[in-house]
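A short worksheet on the structure shown next.
The values are calculated or read from the model by the stated rules, or taken from the named source; none is laboratory data. Bear in mind the structure is a predicted one, so any value in this text is a computation, not a measurement. Every residue, glycine among them, receives a Cβ derived from its backbone with ideal geometry; neighbour counts consider all protein chains shown. For the accessible areas, the whole protein counts, side chains as well, though only heavy atoms, and no ligand, DNA or RNA atoms are used. Shrake-Rupley method; radii C 1.70, N 1.55, O 1.52, S 1.80 Å.
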Amino acid sequence: AVHILAGRGSETGRPDAKELELNIAKRAQEHGIRVIGPNCLGVYCPESGLAFGYDFPTEAGTVGGVIQSGGNATDLVHIGALRGLRFSKVVSYGNAIDVNQNDLLAYLSRDPKTKVIVSYIEGLKGDSAEFLRLLRETTRTKPVIVCKGGRTDAGARLTASHTASLAGSGLIWESAIRQAGAIPVRSLDELINMAVAFSLFPKPSGRRVGIAGAGGGRGVLTVDAWAEEGFEVPPLPSEINEEFRQRGSAVWDWIGNPADASITVPGDAYTIADIVSEMAKNPAFDFIAADAQEDPPFGPDRFVGELTANNEGFIRAKRDGLKPILVVFDERSVGSAEAESWNYRARAEMRTRLVQEKVAFFPSTQEAARAVGAVLGYYGRSGETTPA
């Protein structure tokens, strides 16, 4: 087998470059050699210690990647790692004069160490009907998430000069992908969100969500986001209010769903960690969405103490395994001055703990709701259980 990293092949549009690729493919076939590339970064397989980028995780995982672009393959691994994703194999395959998306999809569909497959494709190489057949076959047992580059006329022009791919209509593509049982997405961030949901978030039994940790106005937007994606936000069962009354909470009758972080009182029995625990025990909810980002107007000690306690409560709920739990952890880029502040150091430590404990977290409620909706939609269609 040979991996050809070099570019300047058929993606240039030059006749001599196209002829060179044809000659390489012909020679390789004559000698029984399989070729990945050219114009790609090749194979990342942490189990065997093979990587095409710096600082890739050495821990193997269950997400497999079929990624035509080298840059997107690198971003998938680096950005995915920050969200807790770990990979079985990721292959950047470029111009695909030999090994193409069909070969890689067929391989990952049979790979026992790959439970979720993600793909970025600019244009299909080889037999497109075979690709759809493979998708239909694979999605019976494994979720497949597909991001298509070149959905628009402008994007299609660029794919021709990137990986020598011919792109088609975005709407036709998405329809075909859905009919094959796969999940179409439109960005690398959405691809990663779906991979997090399918690999780190156990499939809920239904659409009833318990929400904890947001403040008043944030809670209103949170409820809207879940409801707009077809989820139910049921009222808090009265027995949970009664439980906190018996514990001596001064705010027991204020607690609802969402459970508001802004009404917590120092030393009170009602804490966000405790309400998450009670929601997880209660049959009124199918899963819990916890908000890690409420920004109380307190000094460093209390601020860090409360957020850290909440975060550890979310982790305990995940370990207990009574209900699936996800965390909404807003993405807010900061400059070098802010990065040194106690505030952002505390948040960075919280994210690290979530990654260590394999807790699914999302940059926004909207993204979490879309991803969980895709999980429920996939298993509702396939009738399968969550992959191990």
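One table, with the values for the structure above:
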{"read-out": "Single residue of the stretch 13-36 satisfying the filter (modelled with pLDDT under 95 and assigned to a loop (DSSP other than H, G, I, E, B)) that is nearest to residue 196 (Cα to Cα)", "value": "13"}
{"read-out": "Output for the stretch 247-271, where each listed residue is aliphatic (A, V, I, L, M), part of a loop (DSSP other than H, G, I, E, B) and surrounded by fewer than 20 Cβ atoms within 10 Å (Cβ to Cβ)", "value": "250, 251, 265, 269"}
{"read-out": "Meets criteria (more than 23 Å from residue 115 (Cβ to Cβ), at pLDDT below 95, more than 23 Å from the chain's Cα centre (by Cα) and crowded, with 19+ Cβ neighbours inside 10 Å) for residue 161", "value": "no"}
{"read-out": "Unmet criterion (only one of (1) open to solvent by 10 Å² or more (accessible area, probe 1.4 Å); (2) modelled with pLDDT of 95 or more; (3) of a type outside the set (Asp, Glu); (4) farther than 19 Å from residue 190 by Cβ) for residue 42", "value": "(1)"}
{"read-out": "Tally of residues being in contact with a Pro (Cβ under 9 Å, 6 or more places away or on another chain), of a type in the set (Val, Ile, Thr) and surrounded by 24 or more Cβ atoms within 10 Å (Cβ to Cβ) across the stretch 129-144", "value": "0"}
{"read-out": "Exclusive hit being open to solvent by 70 Å² or more (accessible area, probe 1.4 Å), β-branched (Val, Ile, Thr) and either at pLDDT 95 or above or within 30 Å of residue 358 (Cα to Cα) (or both), set 74, 62, 58", "value": "58"}
{"read-out": "Pair list, Cβ < 8 Å and 6+ apart or interchain, from the stretch 192-218 residues that are more than 28 Å from residue 264 (Cβ to Cβ) and of a type in the set (S, T, N, Q) to residues that are at pLDDT 95 or above and assigned to a helix (DSSP H, G or I)", "value": "193/367; 193/368; 193/370; 193/371"}
{"read-out": "Boolean, residue 255 is touching a residue at least 40 places away in the same chain (Cβ under 8 Å) and not hydroxyl-bearing (Ser, Thr, Tyr)", "value": "no"}
{"read-out": "Filter pass, residue 238 being among the small types (Gly, Ala, Ser), within 27 Å of the chain's Cα centre (by Cα) and open to solvent by 20 Å² or more (accessible area, probe 1.4 Å)", "value": "no"}
{"read-out": "Filter pass, residue 205 being open to solvent by less than 60 Å² (accessible area, probe 1.4 Å), among the hydroxyl-bearing types (Ser, Thr, Tyr) and over 30 Å from residue 69 (Cα atoms)", "value": "no"}
{"read-out": "Whichever residue in the stretch 108-128 is without any contact (Cβ under 8 Å) to a residue 12 or more places away in the chain and not polar (S, T, N, Q) and, among such residues, is surrounded by the most Cβ atoms within 10 Å (Cβ to Cβ)", "value": "110"}
{"read-out": "Extreme residue, modelled with the highest pLDDT, among residues of the stretch 272-314 that are assigned to a loop (DSSP other than H, G, I, E, B) and over 25 Å from residue 200 (Cβ atoms)", "value": "299"}
{"read-out": "Residues (of a type in the set (S, T, N, Q), touching a helix residue (DSSP H, G or I) at 6+ places or on another chain (Cβ under 6 Å) and closer than 18 Å to residue 147 by Cα) located in the stretch 102-135", "value": "102, 109"}
{"read-out": "3 or more residues within 26 Å of residue 205 (Cα to Cα) and modelled with pLDDT of 95 or more: qualifying helices (runs of 4 or more DSSP H) within the stretch 329-388", "value": "342-356, 365-382"}
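Per-residue answers, yes or no, for (1) touching a Lys or Arg at 6+ places or on another chain (Cβ under 9 Å); (2) open to solvent by 60 Å² or more (accessible area, probe 1.4 Å):
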position: 14; (1), (2): yes, yes
position: 22; (1), (2): no, yes
position: 33; (1), (2): yes, yes
position: 46; (1), (2): yes, no
position: 49; (1), (2): no, yes
